[in-house]
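Inspection log for the structure reproduced underneath, given as structure tokens.
Nothing in this text is a laboratory measurement; each read-out follows from the coordinates by a stated rule. In this text, all values refer to a predicted model and were calculated from it rather than measured experimentally. Reconstructed Cβ throughout: ideal geometry from the backbone, glycine too, with neighbour counts over all protein chains shown.
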């Protein structure tokens, strides 16, 4: 039985703790053209059959239902979303959904350059590009592929195309921690954001040593001087932003382990298989694919979304706030969740 007090009102969709949920991350595929060492094994994984993935039409239906409840911002993710044909068209369709005000994309940049024209025509608002290193050999070590040059060209191309660009870097001790100041310098002459994200213990991450956000910040201050809190709000998520003297852009820190931000979390995630997760690292998950393919109407989908919101935990299980209630979700790797 759904607690009717969680029904959305003029203030939007809220969970049982009063947090506004207006942001949905939508994975269109679990497939990727890289094999990042902290994400998956070197031999890769067994991809889910295409029939297990939601069609673009099914994904759009879910987005229409969630938009009617109060979702205003959608992030299209993967895997690598651009390995799925038709992603630009899907983004164009999302932009036409009533209520959705912003659509952005995550990418590793390898295919982004050749897709920029289609994405810009689709109305894409911004792109987050994963970039953990500026060194070709370290890139090959981390991703087990070549392609650093394509990613760097994609950064320039996306910025030149007028998209809002954010660079995401995961600092790893002994691997790229000596490069953080150099990576931050991508924001020196361009009005983009470089964010440093603490490694979360998901997938293959256990074999790596994370660098805490405060240590990353100290490395930047040691090179560029004092970090000054940024007065604006350039994003939809938990990053805390700063300016540096002489920088056209900004730098940010996402510290899910050392500081946490669960009390202000505004998002849910929909995996490419139709699993709706109210918390990235929580155990609650609802199977929307089963509803979609059983002939359920939009009212049933709406109730499932409301249930997910009502069951959003106080915090992820890394924080010890989540508890063990609910069935453990089968989609725990970041490339399946759509991190």
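For this structure, a couple of remarks:
- Label assignment, Cα extents along the principal axes in Å derived from the structure, set (1) 55, 38, 38; (2) 64, 43, 39; (3) 57, 47, 41: (1)
- Cβ-to-Cβ counts within 10 Å put 16, 41, 272, 130 in ascending order as 41, 16, 130, 272, the fewest first.
- Inter-probe distance in nm under a simple model that places probes 7 Å from Cα toward Cβ, at residue 96 and residue 173: 5.2
- Residues in the range 47-84 that a label on residue 153 would reach, taking backbone N under 20 Å of a point 7 Å out along Cα→Cβ: 81-84
- Antiparallel beta bridges, as assigned by DSSP with both residues in the chain, represent about 30 percent of the total such bridges.
- Our note on the geometry: Cα centres of the range 77-104 and the range 11-52, 14 Å apart.
- Computed lengthening from residue 218 to residue 290, 0.36 nm per intervening residue step minus Cα-Cα distance: 21.1 nm
- Annotation: extensible slack from residue 248 through residue 297 equals 12.7 nm (criterion: 0.36 nm per residue apart, minus Cα-Cα distance).
- Helical runs (DSSP H, four residues minimum) scored at -39500 (n - 2.57) apiece and divided by the length of the chain put the mean residue ellipticity at 222 nm at -8000 deg cm²/dmol.
- For residue 61 and residue 114, a Förster radius of 30 Å and the Cβ-Cβ distance give a FRET efficiency of 0.55, rounded to the nearest 0.05.
- Across the alpha-carbon atoms of the range 143-258, the computed radius of gyration and Dmax are 14.1, 39 angstrom.
- Gain on full stretching of the segment that runs from residue 189 to residue 46 - 0.36 nm per residue minus C-alpha separation: 47.3 nm
- With the highest mean first, a sort of the peptides 257-269, 61-73 on other beta-carbon atoms found within 10 angstrom per residue produces 61-73, 257-269.
- FRET efficiency for residue 181 and residue 20, using Cβ-Cβ distance with R0 set to 51 Å, rounded to 0.05: 0.90
- Spacing of the modelled spin labels on residue 121 and residue 261, each 7 Å from Cα toward Cβ, amounts to 3.5 nm.
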